[in-house]
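For reference, the structure is listed below as structure tokens.
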């Protein structure tokens, strides 16, 4: 029971840490917008940063208002927040280009000098809801959790876990690089661990504990496959985003060449949305993307399935109903209900 | 010296973004003043309940002019109140106004106890029970079945198994041939490991399904929609219209594991329904058994269920009286667009009246409809594939 208590304590701490992380992330996001300045840009930058501060406080106030209990309104506020965030982020990404255009001539070939790829990545993250920090946090916690389950006294997984933590630190950078290297790295780590410390798991059977240790190893491997697939997926999305950006510039150049002028940001926003949507539709339509998406989901389901199995194994000593036991119960209820309904129908037909 | 590439005016850009944020602040204020988002307000009465399913009959102030009751079978993916989103965008009210006796199934929100419910339970269990209740309530031997989207596919399956209970079949944006890759969902589903998904979730969360729908047009659905919304946010009525739709979009029930597994596997991945290989319980679903009049409606701009997945139904059924109706618009526009209210709903009502028993009141209604121009609108928009020329009256 001591081990169980320690498990719950660590689980609770992990939850607290997760929420602390979320709060910190929210604060950073707010700060980013409240303090947003564009030094060197001719004009009154405060002209739009001030309303932003006011707006943010209004949003925060309204969200915390106890009187607003309507979930649809709350959800909508959140979505509007997300949409405007992306709108403003696009503004931020293209601001240096606009500034350059104002000061001197810019040509389509040179536009990339003015675009910060990391900011553009943030914009794409917002559209698709990617959060590399959250992914890192999730993987980190999963590893901590597995470390605990493996037996804190033995520290069997410690070397592996340390190596994984280091690798996780590099996640955002890797996300922009070569996805296959991520997969290779995790598998090399896993193999190295399996061939050294992991040998201990291959000793003669030690009953349920051995099964648990094998499951832990399996979970670690699942996590590595998931992380690699996730990176590959995000990489594909980013690359398409960059291609779309090239197309946006091409379209703008075409318009300018034909004598049109793009004076409003909204016009630019429309071109960006339409061009990006087309580029992603082209990607989404490919068999390769459909396959990759399927594999990503599959890998996440593997993680989930083995984690559940592991948790069941740990919770089996407690006086609570486990998921597999509830599944059996649901099946029994389903079968009984079906039989009763069939009999009732037969009775009704006979009565008629 | 190259030609100037862009000619933005910094001051006006700043003003533009400033205006945008000002709209935001006002909009958020307007949003927080709204207490209730009412949907599905047409009066109705609960007449049957089984597990989480509820069957309603819509109230009428005057007697119906079409004798055969209409049972609406909605998809499991979203909620049926889409058909009665608001009083002036309500296919239900429109059908009631045109003299129909309308019943609707509310599938409810499945929980884990429902995870083993399969296609057989939905089609041969729930729908069959509802059809029997409607027949009894309306004192009618048969019903007109009107299936929407996935509910339309269910209605085809049911009608093929129970042609004696279905007088007319209407399918709206309902897929039958899943071999097409014209829409992303069809392509993506082929690579979906549905067994692992169901094993993991048991009841697939509505949010999971919504995530997939949003991915179909991520830039428009995640960004532009909310940026554009700011232009109407100060108009309370328009804002409420927007919010009603938002409520519907994100009000997604979970999917009972066994049912979604069979639907994805048998339909999307193996195309068994169109191939005539689908078994429900111990019975083969043969679409050629659909011999009743068929009205098959598709939307030309549907990005969820493309016309290529819908149109083949008319070639697969055994009906002599079959009509293919093209709606110029998208998947959702079929139910809430102004064209839907002005053209489609009256056309459906007219089509049903035409196939109903000839009674004094029916004849009067048809006359009224024709004088209101509904017949003309219907014929213009309808591409009839009927082998028998003219309309049939029972």
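The values are calculated or read from the model by the stated rules, or taken from the named source; none is laboratory data. If you're wondering where the values come from, they're calculated on a predicted model, not measured in any experiment. Ideal geometry is used to build each Cβ from the backbone, glycine not excepted, and the neighbour counts take in all protein chains shown.
More than 9 Å from every other protein chain (Cβ to nearest Cβ) and either in a helix (DSSP H, G or I) or farther than 25 Å from residue A:123 by Cβ (or both): does that describe residue A:336?
On the way: more than 9 Å from every other protein chain (Cβ to nearest Cβ): yes; either in a helix (DSSP H, G or I) or farther than 25 Å from residue A:123 by Cβ (or both): yes.
Yes, satisfied.
Can you tell me how many residues in the range B:127-141 are over 25 Å from residue B:257 (Cα atoms) and touching a helix residue (DSSP H, G or I) at 6+ places or on another chain (Cβ under 6 Å)? Let's see the steps before the verdict.
Here is the first cut: in the range B:127-141, the residues over 25 Å from residue B:257 (Cα atoms) are B:132-141.
Those still in the list that are touching a helix residue (DSSP H, G or I) at 6+ places or on another chain (Cβ under 6 Å) too: none.
Selection size over the range B:127-141: 0.
Filter the range A:312-344 down to the residues that are farther than 21 Å from residue B:111 by Cβ and at pLDDT below 90 and list them by number.
If the condition is that a residue be farther than 21 Å from residue B:111 by Cβ and at pLDDT below 90, then A:313, A:314, A:315, A:316, A:317, A:318, A:319 are the ones that fit.
Tell me the residue from B:59, B:140 that is without any contact (Cβ under 8 Å) to a residue 60 or more places away in the chain and farther than 15 Å from residue B:255 by Cα, please. Outline the logic, then answer.
Working: B:140 fails: without any contact (Cβ under 8 Å) to a residue 60 or more places away in the chain.
Being without any contact (Cβ under 8 Å) to a residue 60 or more places away in the chain and farther than 15 Å from residue B:255 by Cα holds for just one of B:59, B:140, which is B:59.
Give me a count of the residues in the range B:320-349 that are part of a loop (DSSP other than H, G, I, E, B) and farther than 24 Å from residue B:245 by Cα.
Let us first name the residues in the range B:320-349 that are part of a loop (DSSP other than H, G, I, E, B), namely B:320-321, B:328-332, B:337.
Now narrow it down to the ones that are farther than 24 Å from residue B:245 by Cα: B:320-321.
Matching residues across the range B:320-349 total 2.
Taking residue B:142 and the conditions (1) surrounded by fewer than 24 Cβ atoms within 10 Å (Cβ to Cβ); (2) touching a strand residue (DSSP E or B) at 6+ places or on another chain (Cβ under 9 Å); (3) within 30 Å of residue A:324 (Cα to Cα), which numbered condition does it fall short on, given that it satisfies the others?
(3)
If you take the residues in the range B:207-231 that are part of a loop (DSSP other than H, G, I, E, B) and surrounded by fewer than 19 Cβ atoms within 10 Å (Cβ to Cβ), which one is farthest from the chain's Cα centre (by Cα)?
That would be B:231.
Where in the range B:1-118 are there strands (runs of 3 or more DSSP E), lying fully within it, with 3 or more residues that are in contact with a strand residue (DSSP E or B) (Cβ under 7 Å, 6 or more places away or on another chain) and more than 9 Å from chain A (Cβ to nearest Cβ)?
Numbers: elements: B:44-50, B:53-58, B:70-73, B:84-86, B:102-106.
By residue number, B:44-50, B:53-58, B:70-73, B:102-106.
Can we say residue A:285 is at pLDDT 85 or above and more than 8 Å from every other protein chain (Cβ to nearest Cβ)?
Numbers: at pLDDT 85 or above: yes; more than 8 Å from every other protein chain (Cβ to nearest Cβ): no.
When the stated conditions are applied, residue A:285 does not pass them.
Closer than 16 Å to residue A:305 by Cβ and at the interface with chain A (Cβ under 10 Å from one of its Cβ atoms): which single residue out of B:216, B:197 fits that description?
On the way: B:216 fails: closer than 16 Å to residue A:305 by Cβ.
Unique residue meeting the criteria: B:197.
Rundown of residues vs (1) surrounded by 18 or more Cβ atoms within 10 Å (Cβ to Cβ); (2) at the interface with chain B (Cβ under 7 Å from one of its Cβ atoms), yes/no style:
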site: A:280; (1), (2): yes, yes
site: A:291; (1), (2): no, yes
site: A:305; (1), (2): no, yes
site: A:319; (1), (2): no, no
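Can you name the number of the only condition in (1) modelled with pLDDT under 95; (2) more than 14 Å from chain A (Cβ to nearest Cβ) that residue B:187 fails?
(2)
Here is a yes/no grid of residues against (1) at pLDDT 95 or above; (2) away from chain A (no Cβ under 13 Å); (3) in a helix (DSSP H, G or I):
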residue: B:124; (1), (2), (3): yes, no, yes
residue: B:137; (1), (2), (3): yes, yes, yes
residue: B:147; (1), (2), (3): yes, yes, no
residue: B:151; (1), (2), (3): yes, yes, yes
residue: B:159; (1), (2), (3): yes, yes, yes
residue: B:175; (1), (2), (3): yes, yes, no
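Go through the residues of the range B:310-318 one by one and say whether even a single one is under 14 Å from the mean Cα position of the chain (by Cα), in a helix (DSSP H, G or I) and either free of Cβ contacts under 8 Å to residues at least 60 places away in the same chain or within 11 Å of residue B:173 (Cα to Cα) (or both).
Checked the range B:310-318: at least one residue is under 14 Å from the mean Cα position of the chain (by Cα), in a helix (DSSP H, G or I) and either free of Cβ contacts under 8 Å to residues at least 60 places away in the same chain or within 11 Å of residue B:173 (Cα to Cα) (or both).
Suppose we filter A:240, A:257 for residues that are at the interface with another protein chain (Cβ under 9 Å from one of its Cβ atoms) and either under 30 Å from residue B:191 (Cα atoms) or more than 31 Å from the chain's Cα centre (by Cα) (or both); which single one remains?
A:257 is the lone residue from the list that is at the interface with another protein chain (Cβ under 9 Å from one of its Cβ atoms) and either under 30 Å from residue B:191 (Cα atoms) or more than 31 Å from the chain's Cα centre (by Cα) (or both).
When residues of the range B:95-126 are filtered for being more than 23 Å from residue B:165 (Cβ to Cβ), in contact with a helix residue (DSSP H, G or I) (Cβ under 8 Å, 6 or more places away or on another chain) and surrounded by fewer than 22 Cβ atoms within 10 Å (Cβ to Cβ), how many remain?
Here the count works out to 3.
Take the residues in the range B:240-275 that are more than 25 Å from residue B:110 (Cβ to Cβ) and without any contact (Cβ under 8 Å) to a residue 40 or more places away in the chain, then tell me which one is surrounded by the fewest Cβ atoms within 10 Å (Cβ to Cβ). Even if it seems obvious, please write down each step before you answer.
Step one: list which residues in the range B:240-275 are more than 25 Å from residue B:110 (Cβ to Cβ), which gives B:240-243, B:271, B:274-275.
Among the residues that remain, those that are also without any contact (Cβ under 8 Å) to a residue 40 or more places away in the chain are: B:242, B:275.
Numbers: B:242: 20, B:275: 14.
Selected residue: B:275.
Would you mind telling me which numbered condition in (1) facing chain B (nearest Cβ under 7 Å); (2) modelled with pLDDT of 90 or more; (3) in contact with a helix residue (DSSP H, G or I) (Cβ under 6 Å, 6 or more places away or on another chain) residue A:265 fails?
Among (1) facing chain B (nearest Cβ under 7 Å); (2) modelled with pLDDT of 90 or more; (3) in contact with a helix residue (DSSP H, G or I) (Cβ under 6 Å, 6 or more places away or on another chain), the lone unmet condition for residue A:265 is (2).
Among the residues of the range B:245-257, count how many are more than 9 Å from chain A (Cβ to nearest Cβ) and in a helix (DSSP H, G or I). Give the derivation first.
Our first condition is that a residue be more than 9 Å from chain A (Cβ to nearest Cβ); within the range B:245-257, this holds for B:245, B:248-249, B:252-257.
Cutting the leftovers down to in a helix (DSSP H, G or I) gives us B:245, B:248-249, B:257.
Result for the range B:245-257: 4.
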